[in-house]
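A.B. asks: Questions regarding the structure given below will be posed in turn.
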Amino acid sequence: MNRKTFIISFMLSVMTAAPAFSAARCEEHGDRRPYPLFTFGVESSYVFTFLNRSHFNFISADGDRRDERVLTTGAISNGQFLVHGGINVSPKVNLSLYAGYCGVFRHERMIPVSLRVSWYSGDDPMRNRWIVFCSAGAGFNDIRNPWKLSAEGKLGGGYRISLNRSVKLDLVFAFQEVYTHPRAYESDAGNYVPQERLRRNDAYISAFALGIALVF
């Protein structure tokens, strides 16, 4: 089973099982509020990267010190898949922890973990509502070096479609900024700079994300 088939199958399984689980949970605990206390769900997004500002400093294969600053523009497409769990602090505010897998740039992948605060318009959780949210967190790029972290943040909004008390469909749009440490490529040598010759490898990557989410 390839990755795309697995993700689709997982989302369909969650969509099928979650409403029944939410209803049973509410009945068991006698929850009479118009919204559940705890939430969980899945979110899938198309990520449109349009700007990359990078700074590399390294010792070349010839022994010279190189300092390269690169500004890259243009459209690069990536994907993002997240799962989350959180709590409804009030009818209008939700606090959730997000984690998953996403593409950042060419040949750059990341496992992000972030905290998101969402605000919903209106006073009735059973109605369709507008969303405003922001998030910040860290990302793991290299499992061989788990302490080498990236940072990421989002600012966005969207529209929530209320299917019933527990199940919501969110259409979201966000601006995303990632600070990461990509590998430096030495064009003269035709390969990546080894870690022992690398002094600096910083990149600031800007993108827009357009996604859809199911919340239970």
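The values are calculated or read from the model by the stated rules, or taken from the named source; none is laboratory data. The shown structure was predicted, so the numbers you read here are calculated from the model rather than taken from an experiment. No Cβ is skipped: glycine too gets one built from the backbone with ideal geometry, and neighbour counts run over all protein chains shown. Side chains are part of the model used for accessible areas, which takes the heavy atoms of the whole protein and leaves out ligands, DNA and RNA. Shrake-Rupley method; radii C 1.70, N 1.55, O 1.52, S 1.80 Å.
A.B. asks: So ASP124 fits all but one of (1) surrounded by fewer than 19 Cβ atoms within 10 Å (Cβ to Cβ); (2) under 17 Å from the mean Cα position of the chain (by Cα); (3) among the acidic types (Asp, Glu); what number is the exception?
C.D. replies: (2)
A.B. asks: So which strands (runs of 3 or more DSSP E) stay within region 88-155 end to end and still have 1 or more residues that are modelled with pLDDT under 95, in contact with a Phe, Trp or Tyr (Cβ under 9 Å, 6 or more places away or on another chain) and of a type in the set (D, E, K, R)?
C.D. replies: It comes to 108-120.
A.B. asks: Within region 34-67, work out how many residues are out of contact with any Cys (no Cβ under 9 Å at 6 or more places or on another chain) and either closer than 30 Å to VAL215 by Cα or open to solvent by 60 Å² or more (accessible area, probe 1.4 Å) (or both).
C.D. replies: Adding up the residues that qualify gives 20.
A.B. asks: Then there is this: Give me a count of the residues in region 156-178 that are in a strand (DSSP E or B) and exposed (fewer than 15 other Cβ atoms within 10 Å of the Cβ).
C.D. replies: Summing the residues that are in a strand (DSSP E or B) and exposed (fewer than 15 other Cβ atoms within 10 Å of the Cβ) in region 156-178 gives 5.
A.B. asks: Taking only pairs six or more apart or across chains, which ones have beta-carbon atoms under 6 Å, a first residue in region 189-216 that is over 30 Å from GLU43 (Cα atoms) and in contact (Cβ under 8 Å) with a residue 12 or more places away in the chain, and a second residue that is in a strand (DSSP E or B) and polar (S, T, N, Q)?
C.D. replies: Listed pairs, sorted by first residue: ARG199/ASN57; ARG200/ASN57.
A.B. asks: Scan region 85-121 residue by residue and report those that are within 28 Å of THR180 (Cα to Cα), open to solvent by less than 70 Å² (accessible area, probe 1.4 Å) and of a type in the set (Ser, Thr, Tyr).
C.D. replies: Once the filter is applied, which keeps residues that are within 28 Å of THR180 (Cα to Cα), open to solvent by less than 70 Å² (accessible area, probe 1.4 Å) and of a type in the set (Ser, Thr, Tyr), region 85-121 yields SER96, TYR98, SER114, SER118.
A.B. asks: Report yes if ARG53 is part of a strand (DSSP E or B), closer than 18 Å to ARG183 by Cβ and in contact with a His (Cβ under 6 Å, 6 or more places away or on another chain), otherwise no.
C.D. replies: In short, no.
A.B. asks: So VAL193 fits all but one of (1) open to solvent by 80 Å² or more (accessible area, probe 1.4 Å); (2) modelled with pLDDT under 95; (3) not aromatic (Phe, Trp, Tyr); what number is the exception?
C.D. replies: It fails just one condition, (1).
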